[in-house]
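Take a look at the structure set out below.
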Amino acid sequence: MITIDKEDGVAVLTLDRPEAMNALSKALRRALYDGLKTLEADPEVRVIILTGAGDRAFTAGLDLKELGSDPGGMSAANAASADANPVKAIETCSKPVIGAINGVAITGGFEVALACDILIASERARFADTHARVGILPGWGLSQKLSRLIGVYRAKELSLSGNFLDARTAEAWGLVNRVVAHEDLLPQAKRLAQDIASVPADAVQQYKKLIDEGFAMTFGDSLKHETATTSKLNAAVTPEAVEARRAQVQARGRTQA
């Protein structure tokens, strides 16, 4: 159901059902959960890249063929338990997850994409929320996340019409970080992952947590939360550690100039 490749602190987790457009069957949802938990516990892994096998789909969302034969399948898929909810598995991962969107991300697949910390899209990527067209409502956060990311009017346009959003428009709307040529998708994602992996892991994980916690608050509360959190953490950093890392930052800046 999935493949995992690890190299130099970066793990690529690939949804591997290309014949079914990587649809999220019950077995694939469980495999994704288990894979993420394994990688989170692996001290050699600092960054995770999530992508789909094949050229057609990142993931087409829940496996509708499977759900159509299971009266209780939809309730189970939307359950709060982590093994039934791949979005929660991604969101609760302490390590950064880069979504490398290689094709369509539809409905539940759209929600999986939005759970990632960073999105890099192939020029072939397309996004669609077809919940209403299927006759169901989202249970993994799409109705609330999308409006906060691209604005309520654009979110309503996509969700109420079920129309596809192409990669370039998604980039213009701020839904993805960047769009790259299809053949450059994984190389670009890996280069960014290596950049992140070169930063001290504890700092990356603490910073990710701080951003995520603050994003769920009002702006005023998030500022208070930042002050309360960072005052304690920063006080434990020694001048010697700051000087050592300052030199590293300066050296890296010279090589990137």
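Per residue, how much space in cubic angstrom lies within the convex hull of the C-alpha atoms of the range 217-256?
On the way: hull volume 3.3 nm³, N = 40.
Roughly 83 Å³ of hull volume per residue.
Please identify the DSSP H helices in the chain that span no less than 15 Å along the helix axis (Cα) and have a mean Kyte-Doolittle hydropathy of -1.0 or more. Write down the numbers at each step before the final one.
Details: long enough: 26-41 (23 Å, -0.35); 185-197 (18 Å, 0.06); 201-215 (21 Å, -0.54); 219-235 (24 Å, -0.68); 239-256 (25 Å, -1.26).
The qualifying helices are 26-41, 185-197, 201-215, 219-235.
In whole Å, what are the extents of the range 87-143 along the principal axes defined by its C-alpha atoms, from largest to smallest?
35, 28, 12
Highest mean first, what order results for 25-38, 158-171, 87-100 on Cβ atoms within 10 Å?
87-100, 25-38, 158-171
Based on the alpha carbon coordinates of the range 136-216, what radius of gyration and maximum Cα-Cα distance (Dmax) apply, in Å?
Computed over the Cα atoms of the range 136-216, radius of gyration and Dmax are 16.0, 44 Å.
Percent of Cα-Cα pairs per 5 Å bin, from 0 to the last occupied bin, for the range 150-191, please list those.
It works out to 5, 20, 25, 21, 11, 10, 7, 0, in whole percents.
Can you give the Rg to Rh ratio of the chain, both from alpha-carbon atoms, with Rh computed by the Kirkwood formula?
Details: Rg = 19.1 Å, Rh = 19.3 Å.
Taking Rh as the inverse mean 1/r over Cα pairs, Rg/Rh reads 0.99.
Rounded to whole Å and sorted largest first, list the principal axis extents of the Cα atoms in the range 190-256.
39, 32, 18
Please give, to one decimal in nm, the separation of the simple spin-label points placed at residue 232 and residue 137, each 7 Å out from Cα toward the Cβ.
That separation, rounded to one decimal, is 3.8 nm.
Can you order the peptides 184-191, 206-213 by their average number of other Cβ atoms within 10 Å per residue, highest first?
On the way: 184-191: 17.5, 206-213: 14.0.
Highest mean packing first, the order is 184-191, 206-213.
Report the relative contact order of the chain, percent, no decimals, based on alpha-carbon pairs under 8 angstrom and at least 6 residues apart. Can you show the working numbers first?
Working: 425 pairs, mean separation 41.2, N = 257.
That works out to 16 percent.
Given the DSSP H assignment, sum -39500 (n - 2.57) over each helix run of at least 4 residues in the chain and divide by its residue total; what's the result at 222 nm in deg cm²/dmol, nearest 500? Numbers along the way, then the final one.
Working: 13 runs with 132 residues, N = 257.
That comes out to -15000 deg cm²/dmol.
I'd like to compare 236-243, 44-51: which one has the highest average count of other Cβ atoms within 10 Å, and what's the full order after that?
Per-residue Cβ counts within 10 Å, averaged per peptide and sorted highest first, yield 44-51, 236-243.
Values quoted throughout were computed directly from the atomic coordinates according to the rules given, and no laboratory measurement underlies them. This is a predicted model, so every value here is computed, not measured. Counting neighbours? That spans all protein chains shown, and the Cβs are built from the backbone with ideal geometry, glycine included.
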